[in-house]
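Visitor: Once you've had a glance at the structure underneath, I'll fire off some questions.
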Amino acid sequence: MPGKQSEDRPLEVAAVEDGGDEGLASLTAEELQQGQEAALALEDMMALSAQTLVRTEVEELYEEVRPLGQGRFGRVLLVTHRQKGTPLALKQLSKNSTSLRGFLYEFCVGLALGKHPAIVVAYGIGIESAASYSFLTEPILHGDLITFIQPKVGLPQPAAQRCASQLASALGHIHSHGLVYRDLKPENVLVCDPACLRVKLTDFGHTRPRGTLLRLTGPPIPYTAPELCAPPPFPEGLPIQPALDAWALGVLIFCLLTGYFPWDQPLVQADPFFEDFLIWQASGQPQDRPQPWFGLTPAADSLLWGLLDPHPRRRNPVSSIQGYLGQPWRQRQGEAEELRDDGS
């Protein structure tokens with residue numbers, strides 16, 4: 001099941017080109033301008049936040065209850081305020097692996113997004129201790145989405161549609177702020193209740209303004225859009241856009257419906273499952289349907305084809321999911337077996 005996102009190197013937001021409607025790599029001047037405005041707003045917020053950091057040891061203000069999560073660069077703890085007893089989630093990043101700027105960036109992205117029902121609420125409290133930087137968010141206590149996805153099964157269809165709808169709304173909110181999330185995977189989706197009725201997106205360390213130039217420095221994973229795997233149009237990298245998140249959402253929805261990936265890498269020369277998908281997508285013929293896609297309905301096919309178009313400018317936005325909610329996304333067992341028997 002899903003693994004960790006590969007790292008790519010963030011660079012500056014590309015400059016808007018004069019003399020035409022199209023900017024870098026087919027991004028319009030308006031789109032690039034939106035990314036530049038987001039970057040400038042974040043810089044201003046980071047400068048202010050650096051001046052208001054609380055400099056103390058975390059233990060002086062908060063009592064640790066239990067760990068909520070652990071990553072390469074830090075950990076998330078459930079804590080309570082020592083005086084008020086308020087439960088909070090505290091994300092703690094080691095100074096050995098995180099710079100002050102990196103900490104302030106992630107902290108301020110969360111604040112800039114404001115309140116959205118499918119995004120973890122960030123509180124405006126940043127703490128600098130001797131060995132770490134920390135910030136506080138609302139506590140989400142039922143783990144991440146990967147613990148709810150049953151291998152080779154996925155989630156029940158109603159839960160899959162609820163999760164997909166809420167995540168599409170969260171991503172659309174991020175895009176409306178001129179940002180691209182870039183790290184959609186089950187580990188970054190927190191579950192608010194045992195029935196998986198509500199989920200929230202977290203972890204904005206990879207989020208970047210639209211138009212930021214990026215290069216893929218590690219091997220691609222299923223969530224990596226194919227345009228990031230191709231040689232970039234500029235030495236500094238590819239100017240990113242929300243279509244990256246649409247691709248990742250399509251892969252995640254497939255995982256929610258099946259319990260496995262549609263492919264390991266979106267590279268024809270490296271992954272026959274991806275090549276089979278492109279052949280089927282090009283022909284539209286039932287006999288070309290790859291085996292991993294058996295059991296999905298025409299509505300699910302249409303939704304995922306739109307999100308997983310290999311050409312980013314033709315790829316549907318994350319909001320396209322709204323037109324498919326309430327329709328069946330899985331075939332009934334008998335229908336799926338019949339499809340296998342007749343090759344359709």
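Every number in this text was worked out from the coordinates using simple rules, so none of it is lab data. On a predicted model such as this, the values are computed, not experimentally measured, just so you know. Don't worry about glycine lacking a Cβ; one is built from the backbone with ideal geometry, like all the others, and counts go over all protein chains shown.
Visitor: Please work out the C-alpha center-to-center distance from the range 218-232 to the range 71-146 and express it in whole Å.
Guide: Spelled out, the Cα-based centre of one part sits 29 Å from the other.
Visitor: Pull out a ≥ b ≥ c, the square roots of the eigenvalues of the alpha-carbon gyration tensor of the chain, then state rounded if a/c is under 1.5, prolate if not and a/b is larger than b/c, and oblate in the remaining case. It would help to have the intermediate numbers written out before the result.
Guide: On the way: a/c = 2.21, a/b = 1.37, b/c = 1.61.
The shape class here is oblate.
Visitor: Using +1 on the beta carbon of Lys and Arg, -1 on that of Asp and Glu, and nothing else charged, what's the dipole of the chain about the Cα centre, debye to 20? Before the final figure, lay out each step's value.
Guide: Values: 28 positive and 40 negative charges, 203 e Å.
For this selection, approximately 980 debye.
Visitor: Any idea what the relative contact order of the range 124-246 is, in percent, if you count C-alpha pairs under 8 Å spaced at least 6 apart?
Guide: Working: 147 pairs, mean separation 29.8, N = 123.
Once normalised by length, the contact order is 24 percent.
Visitor: Ok, one more. With an 8 Å cut-off on Cα pairs and a minimum separation of 6 or more residues, tell me the relative contact order of the range 145-342 in percent. Show your work: numbers first, answer last.
Guide: Values: 305 pairs, mean separation 46.5, N = 198.
Rounded, it is 23 percent for the range 145-342.
Visitor: Using a Gaussian network model of the chain with C-alpha springs under 10 Å, which one of Asp271, Asp183, Asp245 is most mobile by mean-square fluctuation?
Guide: Highest fluctuation of the listed residues: Asp271.
Visitor: Let me ask you something else. Taking neighbour Cβ counts within 10 Å as the exposure measure, how do Tyr181, Tyr223, Tyr260 sort from fewest upward? Don't jump to the answer; show the numbers that get you there.
Guide: Numbers: Tyr181 27, Tyr223 24, Tyr260 16.
Ascending number of Cβ neighbours within 10 Å: Tyr260, Tyr223, Tyr181.
Visitor: Here's something else I'd like to know. With an 8 Å Cα cut-off and a minimum separation of 6 or more residues, compute the relative contact order for the chain in percent.
Guide: On the way: 636 pairs, mean separation 61.1, N = 344.
Once normalised by length, the contact order is 18 percent.
Visitor: Rounding to the nearest 20 debye, state how big the charge dipole of the range 251-316 is about its Cα centre with +1 on each Lys and Arg Cβ and -1 on each Asp and Glu Cβ. Please list the in-between numbers first.
Guide: On the way: 4 positive and 7 negative charges, 56 e Å.
Dipole size: approximately 280 debye.
Visitor: Further, regarding this structure: Do the sum for the chain: with -39,500 (n - 2.57) for every DSSP H run of n ≥ 4, divided by all residues, what is the mean residue ellipticity at 222 nm, to the nearest 500 deg cm²/dmol? Before the final figure, lay out each step's value.
Guide: Numbers: 9 runs with 112 residues, N = 344.
Value at 222 nm, helices only: -10000 deg cm²/dmol.
Visitor: Further question on the same structure: Can you pull the semi-axes for the range 24-137, root of five times each eigenvalue of the Cα gyration tensor, sorted largest first, whole Å? Provide the component values of the computation, followed by the final result.
Guide: On the way: eigenvalues 172, 47, 37 Å².
Taking √(5λ) for each eigenvalue gives 29, 15, 14 Å, largest first.
Visitor: So which residue, out of Gly178, Gly284, Gly259, gets the largest mean-square fluctuation from a GNM of the chain using Cα contacts under 10 Å as springs?
Guide: Ranking Gly178, Gly284, Gly259 by mean-square fluctuation puts Gly284 first.
Visitor: How do 54-60, 227-233 rank on mean C-beta neighbours within 10 Å, highest first? Each step should come with its number before you reach the end.
Guide: Numbers: 54-60: 12.3, 227-233: 15.4.
In decreasing order of mean packing, 54-60, 227-233 become 227-233, 54-60.
Visitor: Also, I was wondering about something else. Quick one: order Arg210, Arg289 by neighbouring beta-carbon count within 10 Å, fewest to most. Don't skip to the answer; put the middle values down first.
Guide: Numbers: Arg210 26, Arg289 21.
Taking fewest neighbouring Cβ atoms as first place, the list is Arg289, Arg210.
Visitor: Once label points are set 7 Å from the Cα along Cα→Cβ at both Ser165 and Glu236, what is their separation, rounded to one decimal in nm?
Guide: 4.2 nm
Visitor: Let me ask something else. Cross-link candidates for Lys84: which lysines have Cα within less than 28 Å, leaving aside residues fewer than 8 places away along the same chain?
Guide: Counting by Cα, and skipping residues close in sequence, Lys84 has these lysines nearby: Lys115, Lys200.
Visitor: Using the charge dipole of the range 24-137 (Lys, Arg: +1 at Cβ; Asp, Glu: -1 at Cβ; taken about the Cα centre), state which of Phe73, Ala41, Ile119 has its Cα farthest towards the positive end.
Guide: Farthest along the dipole direction, towards plus: Phe73.
Visitor: Once the dipole of the range 145-342 is set up with Lys and Arg at +1 and Asp and Glu at -1 on Cβ about the Cα centre, which of Cys255, Pro290, Phe277 lies farthest towards its positive end?
Guide: Of the listed residues, the answer is Cys255.
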